[in-house]
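> Handing you a structure now.
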Amino acid sequence: MTRIVYLNGDYLPAEEAKVSIFDRAFLMGDGVYEVTSVLGGRLIDFAGHVRRLERSLAELGMEMPMPAAELEAVHREIVAQNAIVEGGVYLQITRGVADRDFLMPEGLTPTVVLFGMHMTLVDSPKAATGMSVGLAEDQRWGRRDIKTVQLLYPSMAKTAAKKAGFDDAWLVEDGVVTEGTSNNAYIVTKDGRIVTRQLSNDILHGITRAAVLRLAGEAQMQVEERPFTVEEAKEAAEAFITSATTFVMPVVSIDGTDLGDGKPGPVAKRLREIYIEESGALA
């Protein structure tokens, strides 16, 4: 089946879609993105992704290229034309095409790209076994709350973690965990409290994070939004991450230290269950 992508108003076979070498994203990393998960052929929490997209664009002085309803229709068309039942839709918006200049030009026509991905989300093998994370110094820029395409350091950290035998890396700044390379990070204390870093410029404002914390509150779980140290993480009863494509994923080992019995803990497993239940109901 030919993969169909969206580029600036047209639906095209992927091999026919071309972007200028003068696009600001190519030259300057001047663009933002979102990934919306798909279950049962339907978009999950699209409204949340649009809100974050609008915020990211505003922080970079860019405007939405089309109304939210029209953007949703494009997402649905990508799902339909690529027959995606389970997976995701990637959206990227750049400032547009201009001669290379550090000064951000005004009045450009944004470049808008969407493509679909077939992925196994619900029955991920790591959900049953749990994942391991290494630790890496957080060397990213200071506006991690903007979901830009500037992903070189997270890519470096994830690749280094894989080479070291871990599934991923948690990023550390001044002795405390900020987040994962492409996900939000959580620990569960021995008395059952869920701890995750509070929202700020230091972390991405995860859409799945917001949904999971809401569900945790509805399930009468205690949540603390505050920084946690590496030492606190290694002594935790359990840990997990959240993202649009992993949902809630248990972490069973941190930098070689097993948590609990080295298996996914009950809090992470229950949150994953109720998140999938709600997402399936919404789908």
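> Scanning the stretch 249-279 for residues that are assigned to a helix (DSSP H, G or I) and of a type in the set (Ser, Thr, Tyr), which turns out farthest from Phe166 (Cα to Cα)? Steps first, please.
Filtering the stretch 249-279 down to residues assigned to a helix (DSSP H, G or I) leaves 266-279.
From what's left, of a type in the set (Ser, Thr, Tyr): 275, 279.
Numbers: Tyr275: 26, Ser279: 29 Å.
The qualifying residue farthest from Phe166 (Cα to Cα) is Ser279.
> When the residues of the stretch 87-143 are narrowed to those that are among the aromatic types (Phe, Trp, Tyr) and assigned to a strand (DSSP E or B), which ends up surrounded by the fewest Cβ atoms within 10 Å (Cβ to Cβ)?
The selected residue is Tyr90.
> Could you say which residue among Ile187, Ile207 is in contact with a His (Cβ under 8 Å, 6 or more places away or on another chain) and of a type in the set (Val, Ile, Thr)?
Of the residues listed, the single one that is in contact with a His (Cβ under 8 Å, 6 or more places away or on another chain) and of a type in the set (Val, Ile, Thr) is Ile207.
> Any chance you could count how many residues in the stretch 18-66 are in a loop (DSSP other than H, G, I, E, B) and among the acidic types (Asp, Glu)? If you could, list the steps in order and put the result at the bottom.
Here is the first cut: in the stretch 18-66, the ones in a loop (DSSP other than H, G, I, E, B) are 18-22, 29-30, 40-41, 44-45, 60-66.
The next check asks that each one be among the acidic types (Asp, Glu); those that pass are 30, 45, 63.
Residues flagged as in a loop (DSSP other than H, G, I, E, B) and among the acidic types (Asp, Glu) within the stretch 18-66 amount to 3.
> Please go through (1) acidic (Asp, Glu); (2) under 23 Å from Ala47 (Cβ atoms); (3) touching a strand residue (DSSP E or B) at 6+ places or on another chain (Cβ under 7 Å) for Asp202 and return the number of the only condition it doesn't satisfy.
(2)
> Evaluate the stretch 164-179: report whether one residue or more is in a loop (DSSP other than H, G, I, E, B), in contact with a Leu (Cβ under 7 Å, 6 or more places away or on another chain), touching a residue at least 24 places away in the same chain (Cβ under 8 Å) and under 25 Å from Arg270 (Cβ atoms).
No, every residue in the stretch 164-179 fails to be in a loop (DSSP other than H, G, I, E, B), in contact with a Leu (Cβ under 7 Å, 6 or more places away or on another chain), touching a residue at least 24 places away in the same chain (Cβ under 8 Å) and under 25 Å from Arg270 (Cβ atoms).
> Next question, about the same structure. From the list Ala169, Ala185, exactly one residue is out of contact with any Gly (no Cβ under 8 Å at 6 or more places or on another chain), hydrophobic (A, V, I, L, M, F, W, C) and surrounded by 14 or more Cβ atoms within 10 Å (Cβ to Cβ). Which is it? Step through it out loud before you land on a result.
Working: Ala169 fails: out of contact with any Gly (no Cβ under 8 Å at 6 or more places or on another chain).
Exactly one of Ala169, Ala185 is out of contact with any Gly (no Cβ under 8 Å at 6 or more places or on another chain), hydrophobic (A, V, I, L, M, F, W, C) and surrounded by 14 or more Cβ atoms within 10 Å (Cβ to Cβ), namely Ala185.
> Give the stretch 115-146 a look and list any residue that's without any contact (Cβ under 8 Å) to a residue 40 or more places away in the chain and acidic (Asp, Glu), or say none.
Asp123, Glu137
> Does the stretch 54-67 include one or more residues that are hydrophobic (A, V, I, L, M, F, W, C), farther than 25 Å from Phe26 by Cα and modelled with pLDDT of 95 or more?
Initial filter on the stretch 54-67 (hydrophobic (A, V, I, L, M, F, W, C)): 57-58, 60, 62, 64, 66.
Within this subset, residues satisfying the condition of being farther than 25 Å from Phe26 by Cα are none.
Checking the stretch 54-67: not a single residue is hydrophobic (A, V, I, L, M, F, W, C), farther than 25 Å from Phe26 by Cα and modelled with pLDDT of 95 or more.
> Follow-up. For the stretch 188-235, which residues satisfy the criterion of being under 21 Å from Ser155 (Cα atoms), in contact with a helix residue (DSSP H, G or I) (Cβ under 8 Å, 6 or more places away or on another chain) and surrounded by 21 or more Cβ atoms within 10 Å (Cβ to Cβ)?
Ile207, Thr208
The values are calculated or read from the model by the stated rules, or taken from the named source; none is laboratory data. All figures in this text were calculated on a predicted structure; none of them were measured in a lab. Note: ideal-geometry Cβ built from the backbone for every residue, glycine included; neighbour counts use all protein chains shown.
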